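Please read the structure below before turning to the comments.
Nothing in this text is a laboratory measurement; each read-out follows from the coordinates by a stated rule. This structure is a prediction, so every number in the text was calculated from the model and none was measured. Methodologically, a virtual Cβ is constructed for each residue, glycine included, from the backbone with ideal geometry; neighbour enumeration extends over all protein chains shown.
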Amino acid sequence: MEFSRRAALKAGGAAFALPLAGRASAHPEPYEPRDSVAIEGATEAVVGSDGTTVFVAATTGFAVVDASDPADLTVLAERRDLLADHENGPLTGIHDVAVRGSRLAVVGPANAGSPRALLLYDVRDPANPILESVYETDYPIHNCFLTDSHAYLTANGSDRRELAIIDVSGTPREVARWGAADENPAWLDVPGFLWSCHDVYVQDEVAYVAHWDAGTWLLDVSDPANPAVLSHLAPHDPADLADAPTSQGYELPGNHHYAAPNDDASVLAVNSEAWDATPENDSAGGPGGITLYDITDPASPRELSHIPAPETADPGLDGTWTTSHNFELAGDRLYTSWYQGGVKLFDVRDPENPYELAWWRQPAEAAFWTARAAADCFVASSYAGVPADTRGALYAFPDHAGYQPDAPSLTATTTTANATTATTAETATRTPTTTRTTESTSSGSTPGFGTLAGLAGVAGAVGVARWLGDEPNS
């Protein structure tokens, strides 16, 4: 399984020391990365069960990094041109990997293209990954999750925008499909890019499915061949979206991008990846933040708090990206990534009042895709696909409170002959908490209610579909 503080806690804490989040324990030295290592095309990163081995999806392949010394990250292995001998190979668009014990899942393409496949590797020797099996699909795979016996794949290659469940205990075979349209066929009348099955997380026989504007669904997967709805966080009624414009796929509300619970599944974090597509409107379409829910009763989620995204002078797709992306909720901490908005570490012992412990950003250098707990640090991957000259890389950060002096501004701008760019340093002030609580709507198995909007700079529905990982078969 992936490393997490939940695993260490269940093991009695013998393997790893679990630092307690402290609101008055900021270290005296400036808060900054302990190290970084370049990885071309880096996207998602996950941490192995030892807490020190990091597996990084890298668009045209994947990399394995040793983080046992966070001050000296070392690439152990790199694999490129996967399935190069395939008729349509190699496999590209690899945006996600998942690890469980000694097995690694590599999936792609995230969007259009072929071949389309789940690759399973034996990583008992992380420096020498060995390909075990290839399971080809008729749909692109944007994201995945791996358990001991099953792989859960996003499957947006048909009109139904589904979750595919694959038995990988032997020769891989599909055992089930599930999607929002199974619960309400009205979603079939909504443009597909608005309700892409975007991501999935599985814990203790519950799958948490982020279904974009169709909301977040909690599924009982105790029998993976027969997933059953437990509850639904519902930002929209499909009837309100049937005639929605292309731009609607990018703006709030909605855009449920990723959902994952804490150790005991009492709290669920759900984020929205969003931009402001229509700046001429009074309501801001983005950037999107992270909302925490009480799911002590899974059938009746209750909103606890909301963590807004870092402010930016230009929240559009062509501006400075500060929307929430992937995160990890582990122990008493929430590790978050905000593209050019940096990485933030939160104390969530009181989930109604999350407390910001640390924030680091360099928007001209790094655009963070994810943040993950590791043994002696947390790691975050930087993505080179934003409208800036950011780098593909893996960073290691201190897992403690801290302050970045002279941090680059995300809001102050200077105008040049060619462009307006954020250049000045922010005033050395720090808000102890960045939370607000709002009302939300949730329901059992009934799709949600609301409206949405979109994002400028995208040429039509095909552009939206490519970004959301929802392009149909081609």
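Odds and ends about this structure:
- Fully extended contour minus Cα-Cα distance, from D297 to S266, at 0.36 nm per residue: 10.4 nm
- 10 Å-binned pair-distance histogram of region 95-145 (Cα, whole percent): 29, 50, 20, 1
- Residues in region 196-209 carry Karplus couplings, in order, of 3, 6, 8, 7, 8, 9, 10, 8, 6, 6, 10, 9, 10, 10 Hz; the curve used is 6.51 cos²θ - 1.76 cosθ + 1.60 with θ = phi - 60°, and Gly or Pro positions show x.
- Reducing region 134-199 and region 27-48 to their Cα centroids gives an inter-centroid distance of 31 Å.
- Model label sites at E40 and D240, defined 7 Å from Cα along the beta-carbon direction, differ in position by 4.6 nm.
- Distance-filtered residues of region 236-262 - backbone nitrogen under 16 Å, label point 7 angstrom along D204 Cα→Cβ: 260-262
- Note that region 89-94 has calculated 3J(HN,Hα) couplings of x, x, 6, 10, x, 7 Hz, one per residue in order, obtained from phi through the Karplus relation 6.51 cos²θ - 1.76 cosθ + 1.60 (θ = phi - 60°); glycine and proline are x.
- Cα-Cα pairs of region 240-345 separated by more than 23 Å (percent): 31
- Length released on extending from A84 to A186, taking residue separation times 0.36 nm less the Cα-Cα span: 32.6 nm
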